[in-house]
Amino acid sequence: RGHYDDRQAFIGMLHTILQVEDRLRRGKKIMNIRYDASYDEICTNLALISPRAYTLLQAELGGRSLRSMQMVRAKHGKFKPGIDDANFDAAAEWAHNLGWTGPFVLSADDTKIVTALRSYNDG
């Protein structure tokens, strides 16, 4: 006891496996499970890197669906279109929350949402 106290993601994974197995054993669906934040963060990062690899892990160990992860990310807000101070503040906060102290680049592709200028020949 106590050997894994500093391995919160591992404990969260075990807790998730136990919840899934318990629900399946009782004939219930595996919806609305509360996931440990550490395990959920690792799952989300893996899904961002490789959705296919995460799907394999999820099938064996349990975890949110890819759709559920998208919905959680959508709740946390998005960057505003264009160059905006709020975007830089949000990116700095994101890096701080991750404990990142190194350099990073903030960029956006607004080509689909910014209307383009078009020439019009009237004659």
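The values are calculated or read from the model by the stated rules, or taken from the named source; none is laboratory data. Note that the coordinates shown come from a computational prediction; the quantities given were computed from them, not determined experimentally. Heads up, the Cβs are rebuilt from the backbone with ideal geometry, glycines too, and the neighbour counts pull from every protein chain shown. The area values use the complete protein model at the heavy-atom level, side chains included, leaving out ligands, DNA and RNA. Shrake-Rupley method; radii C 1.70, N 1.55, O 1.52, S 1.80 Å.
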Computed lengthening from Asp89 to Val72, 0.36 nm per intervening residue step minus Cα-Cα distance: 4.1 nm
In nanometres, what is the gap between the two model label sites at His15 and Val105, each 7 Å from Cα along Cα-to-Cβ? 3.8
Accessible area in the full protein assembly, largest first, 1.4 Å probe, for Val20, Val105: Val105, Val20
Students sometimes get this wrong: rank Thr44, Thr101 by accessible area, probe 1.4 Å, all chains present, largest first. Thr101, Thr44
Quick one: 3J(HN,Hα) in Hz for the range 20-37, Karplus 6.51/-1.76/1.60 with θ = phi - 60°, rounded, Gly and Pro as x. 4, 4, 5, 5, 5, 4, 8, x, 9, 7, 9, 9, 6, 7, 8, 9, 4, 4
Rounded if a/c is under 1.5, else prolate if a/b beats b/c, else oblate: with a ≥ b ≥ c from the C-alpha gyration tensor eigenvalues square-rooted, which is the range 1-73? oblate
Between Lys28 and Ser65, what length comes free when the chain is fully extended (0.36 nm per residue of separation minus the Cα-Cα distance, one decimal in nm)? 11.6 nm
Just name one of Pro103, Ser38, Gly62: the one whose Cα is farthest towards the positive end of the charge dipole of the range 1-103 (beta-carbon charges, Lys/Arg +1, Asp/Glu -1). Gly62
